[in-house]
Amino acid sequence: LSAAAAVFGPLGLELRVQAEQAAWRGITIAALGLDLAAAPGRIELRQLEGQAMGAAGSAAVTLLEGGRIADGRAELRAERASGLAPLVALTMGPEAAARLAPMLRGAALLQLQAAGAPETLGLKFAATLADLRLEATPTLDVPGGRWVGAVMLRHPGAPRLAETLGLAGASAWLGDGSLALVAQLTGSPE
């Protein structure tokens with residue numbers, strides 16, 4: 001924000017872009033919409049939305065002086081997540097993408113909310129992929145690279161999930177039932 005203030009001074013900026021089609025790093029984005037406003041001490045991404053790889057995404061966030069985030073939120077939704085397989089392969093590796101391929105045939109929903117200062121940034125993350133549901137509520141110390149928070153993972157068929165992830169014969173030793181994992185995790189650069 002200090003760099004923006006040096007360039008714009010006391011001036012405000014409003015930017016609205018609508019594009020039928022756009023490209024970013026080799027990805028074609030349809031129905032791209034951007035609504036951005038900047039004023040001294042405040043940058044507000046009112047709306048960013050578009051469709052790519054068979055999914056629709058949207059985001060909005062307000063960035064205040066000192067890097068504080070107010071009301072940040074993002075969502076990615078796909079009726080069939082198979083179009084996201086290249087993204088899964090890029091972030092998790094091709095082997096993980098191949099294992100998750102059966103789950104990618106179903107719907108996917110990713111939601112993220114963020115608020116706070118860089119030293120105490122609170123997040124709420126929820127992801128659904130087919131029958132698998134992951135929720136996390138970490139608090140991040142961005143400058144220090146530390147985080148702490150609760151994580152919950154649920155699936156109605158534990159043996160089916162285990163076999164999808166490459167554990168052959170899981171139903172023999174797991175039996176029938178669902179998976180519910182709730183944990184409090186901490187991470188740091190050390």
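The values are calculated or read from the model by the stated rules, or taken from the named source; none is laboratory data. If you're wondering where the values come from, they're calculated on a predicted model, not measured in any experiment. Positions of Cβ are backbone-derived with ideal geometry, glycine not excepted, and every protein chain shown enters the neighbour counts. All accessible areas refer to the heavy atoms of the entire protein, side chains included, with ligands and DNA or RNA removed. Shrake-Rupley method; radii C 1.70, N 1.55, O 1.52, S 1.80 Å.
Structure data summary
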read-out: Residue that is surrounded by the most Cβ atoms within 10 Å (Cβ to Cβ), among those in the range 88-98 that are over 24 Å from Leu121 (Cβ atoms) and under 15 Å from the mean Cα position of the chain (by Cα); value: Val88
read-out: Selection within the range 168-181 - open to solvent by 50 Å² or more (accessible area, probe 1.4 Å) and either modelled with pLDDT under 80 or in a helix (DSSP H, G or I) (or both); value: Ser171, Ala172, Trp173, Leu174
read-out: Matching residues, the range 99-116, being within 18 Å of Ala162 (Cα to Cα) and either in contact with a strand residue (DSSP E or B) (Cβ under 7 Å, 6 or more places away or on another chain) or open to solvent by less than 70 Å² (accessible area, probe 1.4 Å) (or both); value: Leu100, Ala101, Pro102, Met103, Leu104, Gly106
read-out: From Glu135, Glu119, residue being open to solvent by 40 Å² or more (accessible area, probe 1.4 Å), without any contact (Cβ under 8 Å) to a residue 60 or more places away in the chain, within 30 Å of Ile43 (Cα to Cα) and part of a strand (DSSP E or B); value: Glu135
read-out: Scope the range 52-81; condition over 17 Å from the mean Cα position of the chain (by Cα), surrounded by 16 or more Cβ atoms within 10 Å (Cβ to Cβ) and either without any contact (Cβ under 8 Å) to a residue 12 or more places away in the chain or outside any strand (DSSP E or B) (or both); matching residues; value: none
read-out: Residues located in the range 115-136, provided they are touching a Leu at 6+ places or on another chain (Cβ under 7 Å) and among the hydroxyl-bearing types (Ser, Thr, Tyr); value: Thr128
read-out: Condition broken by Pro159, with the remaining ones in (1) in contact (Cβ under 8 Å) with a residue 60 or more places away in the chain; (2) assigned to a helix (DSSP H, G or I) satisfied; value: (1)
read-out: Index of the failed condition, Glu14 passing every other in (1) closer than 28 Å to Arg133 by Cβ; (2) exposed (fewer than 12 other Cβ atoms within 10 Å of the Cβ); (3) charged (D, E, K, R); value: (1)
read-out: Verdict on Leu165 being of a type outside the set (Lys, Arg), touching a residue at least 60 places away in the same chain (Cβ under 8 Å), under 21 Å from Ala81 (Cβ atoms) and in contact with a helix residue (DSSP H, G or I) (Cβ under 6 Å, 6 or more places away or on another chain); value: yes
